[in-house]
Amino acid sequence: MMNFGRMAMAAGVLAMLAACSPQGGMDLSQLDPDLRGWGGGGLDTASAAAAASPRPAPDTRGVISYPGYQVAVARAGDTIATIAARLGMNAAQLATYNAIDANAPLNPGAVVALPGRVAAAPAGAAVAPPLAAGAASGAVSDPFAGQGMKKPNVPTAGAAAAAQPVTQPAASQPRQHVVTAGETAWSVARKYNVAVNDLAAWNGLTGSMALRTGQRLLIPVAGKAPSAANVVTAPGAGSPTPRPPSAAEPLPKEKTAPASKPVDKPAAPDLGKTRTAASGSGKFRMPANGAIIRTYQKGKNDGIDISAAPGSSVTAAGSGTVAAITRDVDQVPIIVVRHDNNLMTVYAGLDDVTVQKGQKVSAGAQLGKARGKGVVHFEVRNGFDSVDPEKYLN
């Protein structure tokens, strides 16, 4: 049986879905952006995500200094050329080092890696203007962003401390990652076991989370993990003993049945006889000719697995538009079709894809063929929320 929990790692699918919704984008505050809840694949990095530190504040010129390198933080209206002029650097060299055109506008808060160290800011230099509210730090909506974080002290104009850059401690120096072709913000976040929201905040990514080949990213530095308990006791008093449940109320009385009494066993479902053809009035048809061998379980299997003969056709469950075609970590194609009423269907476990992104398809149109493993994974999603496909099948 295929491990379709790994399919969830193809995070580009949902990134494309957000871009292709009828409104031009979905509310990302309702999305699990790291896909840690998909399929139970054992890649839960939520604890690491919760322990990330905020990015250090830049100096008056927008520069963050580490022992091994420096980066500049873009302001509103900045380009590589304006940053180079502000820091007295060669614009062409700075643009090449960051794989971007020197005159391309930068997202406020975006990180620009410096190929060499710059000198201290001159005494009395003006303080860098603050970013507009919500301007940059990765426009992934997070209702809990900033809670419990200490606000950095912003130096005043002309302060003596502004003349010298503050070099961050060596222990807080983040790793740098150079983006290669095909990588996404989600795949980079999973590679380093950090939250994609933190990756966006540290690098000033836009709401589309778009990356460019050759872009240099800072990998967020982990902060202090939250303590398991907040109970404070006086010195020498010892730790309190947890109260057992039986202390709150007595245990219920139980009547034990004799061991010889037969136990009623409910009839086990015969998955091999699950319907495979039109037999009702649902919205969608079966995408493959075969029996359902694994049913939908919210949070464990966000779709159904269908036994399909290798090389047999995999077809569109309903009419719609091909919203995205991407691949999982094993380079197996994943197809997403958008339908009316905010519904989407997802197909995995197929080869020989016969459609293209943006193509309109009718119900029963061939999307590809079942792979040699003989299992097709099929999901129905209402927006980003998975629903039981069997409730929508004919």
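Read-outs: derived from the displayed coordinates by stated rules, not from any lab. No experiment lies behind these values; they were computed from the predicted model shown. Virtual Cβ from ideal backbone geometry, glycine too; neighbours counted across all protein chains shown.
Results, tabulated for the structure shown:
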quantity	calculated
Residue 356/residue 191 FRET efficiency (R0 45 Å; Cβ-Cβ; nearest 0.05)	0.95
Cα-projected label distance for residue 321 with residue 171, points at 7 Å along beta-carbon direction, nm	5.3 nm
Rh (Kirkwood; distinct C-alpha pairs) - the stretch 301-394, Å	13.1 Å
Packing-based exposure ordering (other Cβ within 10 Å, fewest first) of 219, 335	219, 335
Simple label model, 7 Å out from Cα along Cβ direction - residue 312 to residue 91, nm	6.2 nm
Antiparallel DSSP beta bridges within the stretch 282-354, as percent of all bridges there, nearest 5	100 percent
Residue-wise HN-Hα coupling along the stretch 82-89, computed from phi with Karplus coefficients 6.51, -1.76, 1.60 (Hz; x: Gly, Pro)	5, 5, 4, 5, 5, 9, x, 10
For the stretch 65-121, fraction of C-alpha pairs farther apart than 16 Å, in %	33 percent
Extension gain from residue 331 to residue 300, taking 0.36 nm per residue of separation minus the Cα-Cα distance	8.9 nm
Net charge over other residues, Cβ less than 13 angstrom from the Cβ of residue 100 (K, R count +1; D, E count -1)	0
Cα convex hull of the stretch 322-374, projected area averaged across orientations, nm²	3.9 nm²
Packing-based order for 357-368, 56-67, using average beta carbon neighbours within 10 Å, highest first	56-67, 357-368
Linear extension gain, residue 382 paired with residue 180, 0.36 nm per residue minus alpha-carbon span	69.5 nm
